[in-house]
1. So how do 134-145, 99-110 stack up, highest first, on mean other-Cβ count within 10 Å?
2. Round to the nearest 0.05 the FRET efficiency obtained for Asn152 and Cys67 when R0 = 45 Å and r is the Cβ-Cβ distance.
Amino acid sequence: MLLSYFFNIYTWLKFFYRERILSERNYIKRHYRKTFGSYPNLIKPTLFSEKIQWLKLNQRTALHTICADKFKVRGYVKERTGDVVLFSAAIPYQGGDGHINEQFPEYWGKIFATYGFVPIDIIRPQIWRNKEIAQTWVRQNLLIFVKKDLANRFPKKYHGNINCLTRLYFLRFLRIQKLYKKLTGSNK
């Protein structure tokens, strides 16, 4: 068993990289091949995983280092966030391009709550029936989060509950999406 540990290719790759015998580029290529079964295209990356590897090699700033650490990035965001945050994120089944982490608003509401924010749902009731805003996802996803001590500046009827931020509009949103797909023949 001890021998199998020492002959594990990944272990040797890490050792060579740590000892600077293997360049970072070669380490990434070999580790990628071991994980995905092929070498990454680091010249013109097309796959998301290849683009991440390219960024590791070519885009280095102090901010990237902070944002790569899930605990440090929280502190960074906390330092730079004001008392009021206008927030919008794609919900599941919304469709569209580039949505990596589609979550219902409750998910984001709980994250904001850990930093002392509460949802204020003052925008969606005002714009939901506004036909000048053609994109239904804008009407569905837009929320304001404020620090708890500022929440009393907003009328109570707009105070949202982090456990039911979606329920107000989601069924209407789905009906509109189905109608849109039917009329346009679109799959998005």
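1. Values: 134-145: 18.2, 99-110: 16.0.
Most protected by this proxy first, the peptides run 134-145, 99-110.
2. Numbers: r = 34 Å, r/R0 = 0.75.
Plugging the Cβ-Cβ distance into 1/(1 + (r/R0)^6) gives 0.85.
Each value in this text was obtained by applying a stated rule to the coordinates, not by laboratory testing. All values derive from a computational prediction rather than experimental measurement. Cβ: placed from backbone, ideal geometry, glycine included. Neighbour counts: every protein chain shown.
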